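Reading through the structure tokens given below for one structure.
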Amino acid sequence: MPRLASFASLVSFVAACSGAAPPPTTSQPPTPTTTPPTTTPSTVPEPTVPAAIEPGSPCGAGDTCAAPLRCVSYYGIAGARGPKFSSCEIACDGKEGCPADLRCITIADGPGSVCRK
């Protein structure tokens with residue numbers, strides 16, 4: 001008889017487990033409490049900061065220099081066969097045209113007549 005009771009328990013258990021699955025819950029997914037920040041693409045490029053503001057310093061990215069300097073390109077003593085150089089300069093006429101703290105000098109194998117200290 002104990003075998004019959006064990007068998008009956010097993011049959012009851014299998015019958016209880018073989019029922020239809022419960023219906024899916026209809027709860028909605030949780031809504032976020034914060035919204036992520038939105039970014040808009042910028043159509044205006046970032047300003048380029050010049051390399052330096054001293055005459056004779058290298059030009060910045062995109063051949064930029066701080067005012068009143070401008071980027072001057074030139075070849076050294078080797079001429080066009082050598083490398084091309086560039087620097088931030090204030091051009092002058094060989095004698096005058098420089099701000100008060102600078103004087104006009106001529107650099108023959110460089111940018112020409114420019115203002116320097």
What order do you get for L102, L69 when you list them from fewest to most C-beta neighbours inside 10 Å?
L102, L69
Please report E96, E89 as a ranked list, fewest other C-beta atoms within 10 angstrom at the top and most at the bottom.
E96, E89
With no solvent and one equal point scatterer placed on each C-alpha of segment 71-117, evaluate the Debye formula and give log10 I(q)/I(0) for q = 0.32 Å⁻¹, two decimals.
-1.11
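Just so you know, all these numbers are worked out from the coordinates, no wet-lab data involved. In this text, all values refer to a predicted model and were calculated from it rather than measured experimentally. A quick note on method: Cβ atoms are made from the backbone with ideal geometry, for glycine too, and the neighbour counts reach across all protein chains shown.
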